[in-house]
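Take a look at the structure below.
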Amino acid sequence: MRTLRKIVAMLLIALLPSPTLAQKQTPPTPAQVAQEIREYRMDNEERIVRELSEFLAIPNIASDTANIQKNATHLVEMLEARGIEAHLLPITGRGPVVYGKLISPEAKHTVIFYAHYDGQPVDAAIRAGASRCGHRSRRKVHSVFGKQRATPGGL
């Protein structure tokens, strides 16, 4: 009987969570988060720049339906590569909305990112299709970081 009690006691000790395991981890400080992000960016800089450059290489003039579709498809691929469920939501006469969803069971808030992936040419020659200029890169980079503000050259 004593042996059985010892076995049960050892099993209870082994199987019940200890008080230290039951405590929730302290969330990281903003400085720790910033450092982790900085380290991630530095470790992945070549891939990040390459991926952004590939995205920027796709023309994004709003009236260019074929390339707007390529932009949307590329965005879906980028989201899916990060484990985000992504969909194209068609809109008649316009480029599709790119919709992505990432479920986080312990999340307490919903975060929404909104950015345009189409652009408008800034001068008549470009609008007429004569050539492309560097305005796209500035526009797209600002859009990627959620900043829609005027920059030299009109965007």
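Each reported figure results from applying straightforward, stated rules to the coordinates on display, with no laboratory input. Please read these numbers as outputs of a predicted model, since none were measured by experiment. Methodologically, a virtual Cβ is constructed for each residue, glycine included, from the backbone with ideal geometry; neighbour enumeration extends over all protein chains shown.
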Check: Assuming R0 = 25 Å, what is the FRET efficiency of residue 73 and residue 29, from their Cβ-Cβ distance, to the nearest 0.05?
Finding: 0.05
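Please give the length that would be gained between residue 108 and residue 36 if that part of the chain were fully extended, namely 0.36 nm times their separation in residues minus their C-alpha to C-alpha distance (nm, one decimal). Walk me through the numbers before you get to the answer.
On the way: separation 72, 0.36 × 72 = 25.92 nm, distance 2.19 nm.
My answer for the length gained is 23.7 nm.
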Next item on the list: Mind listing the long-range amide H neighbours of residue 119? Cut-off is under 5 Å, sequence gap 5 or more, other chains count too, H placed in the peptide plane at 1.01 Å from N.
Entry: 61, 62
Next item on the list: Could you check the simple spin-label distance between residue 94 and residue 63, using points 7 Å along Cα→Cβ, in nm with one decimal?
Entry: 1.8
